[in-house]
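One structure below.
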Amino acid sequence: MKLYDYVLSPSCYKVRLMAALTGVALDIRPVDFHPGGEHRGPELLALNPAGSIPILEDGDLVLTESSAMLVYLAAKAAPQWLGNDAAGPAARVQQWLSFSHRLTASLGAARLHEMLLRPGNIDALRGQGTAALRELEAGLVEQRIRGQRFLASDRPTVADIACFPYVALAPDGGVLLDPYPAIRLWSRAIRAIDGFIEMPGIHRLHELKPEPVLGGGEA
């Protein structure tokens, strides 16, 4: 499989991370997203008329949405990541996959505004991002009450990988994670998964300070 990739893109990182966690080898094709704007050049527009990355090629198949790429990688190499062994977890996976697009549109847009000076109402974007984080925090607290550390199940799924990068990088857009202990513990749980890889701004577990125990249970 070939991944058209930009190392600083959280959406591209999702795909690299999913591939690493499922043992899928990728042929990485770096894209000069900034400042070169290569993603809007004729070669990549022929693959994705929307002019966005990542783009995943596998033979004649071309995927241009990161959530679809996560599902495709899991279906090919590690179906347990789909959470489809029970109706409840499978439905929660789909719900959080849809939710991840709100993180991209809010926290991701705020990050682009701050790092690449992309136009946007930064106060509105941060407000939308904060609302999404509060919803995510509530969902994770409910999961911990069920005895589960991840979004849809007692084990990680594609839903966790879809949501993780833009949450972890929220401070780049001026949205701090200090008020969200369940999110921080979830983030640590993802970093502890065998095969986890980092990207600039997202560090490995051993580089983080210890977290306090949440609600008397184990972190």
Selection over region 57-96 where residues are under 23 Å from Ala25 (Cα atoms) and of a type outside the set (Ser, Thr, Tyr) yields a count of 23
How many residues does region 93-134 hold that are within 16 Å of the chain's Cα centre (by Cα) and not β-branched (Val, Ile, Thr)? 21
Which condition breaks for Pro79 when tested against (1) open to solvent by 40 Å² or more (accessible area, probe 1.4 Å); (2) touching a residue at least 24 places away in the same chain (Cβ under 8 Å); (3) on the phi < 0 side of the Ramachandran plot; (4) not hydrophobic (A, V, I, L, M, F, W, C)? (2)
Quick one: would you say Thr157 is open to solvent by 40 Å² or more (accessible area, probe 1.4 Å), within 23 Å of Glu198 (Cα to Cα) and of a type in the set (Val, Ile, Thr)? no
Can Glu43 be described as over 30 Å from Ala131 (Cα atoms), surrounded by fewer than 12 Cβ atoms within 10 Å (Cβ to Cβ) and not assigned by TED's automatic domain parsing to the domain that holds Phe150? yes
What number of residues within region 11-40 are more than 20 Å from Ile161 (Cβ to Cβ) and open to solvent by less than 20 Å² (accessible area, probe 1.4 Å)? 2
Exactly one condition in (1) among the basic types (Lys, Arg); (2) closer than 23 Å to Ala20 by Cβ; (3) part of a loop (DSSP other than H, G, I, E, B) is not met by Arg111; state its number. (3)
Matching entry among Arg204, Arg149, Arg184, Arg191 (being under 17 Å from the mean Cα position of the chain (by Cα), within 17 Å of Ala20 (Cβ to Cβ) and either touching a residue at least 40 places away in the same chain (Cβ under 8 Å) or surrounded by 15 or more Cβ atoms within 10 Å (Cβ to Cβ) (or both)): Arg191
Going by what's in this entry, would Ala90 be described as within 25 Å of Gly147 (Cβ to Cβ) and either in contact (Cβ under 8 Å) with a residue 60 or more places away in the chain or surrounded by 12 or more Cβ atoms within 10 Å (Cβ to Cβ) (or both)? yes
Looking at Val62, is it more than 19 Å from the chain's Cα centre (by Cα), of a type in the set (A, V, I, L, M) and either at pLDDT below 95 or surrounded by 13 or more Cβ atoms within 10 Å (Cβ to Cβ) (or both)? yes
Selected residue (only one of Leu97, Leu70 is in contact (Cβ under 8 Å) with a residue 12 or more places away in the chain, farther than 21 Å from Leu176 by Cα, open to solvent by less than 30 Å² (accessible area, probe 1.4 Å) and out of contact with any Lys or Arg (no Cβ under 7 Å at 6 or more places or on another chain)): Leu97
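The values are calculated or read from the model by the stated rules, or taken from the named source; none is laboratory data. This one's a predicted model, so the numbers in the text were calculated from it and none came from an experiment. Glycine also receives a Cβ, built like all others from the backbone with ideal geometry; neighbour counts cover every protein chain displayed. Heavy atoms of the whole protein, side chains included, go into the accessibility calculation; ligands, DNA and RNA do not. Shrake-Rupley method; radii C 1.70, N 1.55, O 1.52, S 1.80 Å.
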